[in-house]
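Q: One structure coming up, written as structure tokens, with questions to follow.
Every number here is computed from the coordinates shown, using simple stated rules; none is lab data. On a predicted model such as this, the values are computed, not experimentally measured, just so you know. Glycine gets a Cβ as well: all are built from the backbone with ideal geometry, and neighbour counts include every protein chain shown.
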Amino acid sequence: MRHSQVISAPVTTHAHPASCPTAQVTTPGMFTENCVVLAEGEMVNGVFAVKKMGFPPPQHRAEALEVIGPTLDIFKTGISPAQWVKVRA
């Protein structure tokens, strides 16, 4: 699937416009708003030109929680460490 639109790619504290009209999709599936993707490319005149794009490899929930820990809020949900402990239970 090819996309000709310019999208905004969040990078920790700011966003860069991204363009993926010729991107090679490396994994099957549907890319939706707010999904996590891995993208390979380069910055060209202030726009991230995506060459390859795909989903991260699957991971069991327990392994993911062990890696990110109970205090890292990667999706900015506002969930406190105490609430994460309840989610893990």
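Q: Where a Cα-Cα gap under 17 Å defines reach, which lysines qualify for Lys76, not counting those fewer than 8 residues away within the same chain?
A: Leaving aside lysines fewer than 8 places away in the same chain, none come within reach of Lys76.
Q: As an exercise, use a Förster radius of 41 Å and the Cβ-Cβ distance of Ala82 and Met43 to find the FRET efficiency, rounded to the nearest 0.05.
A: Once rounded, the FRET efficiency stands at 0.55.
Q: Between Val67 and Val36, what is the label-point separation in nm under the 7 Å Cα-to-beta-carbon projection?
A: My value for the distance between the label points is 0.7 nm.
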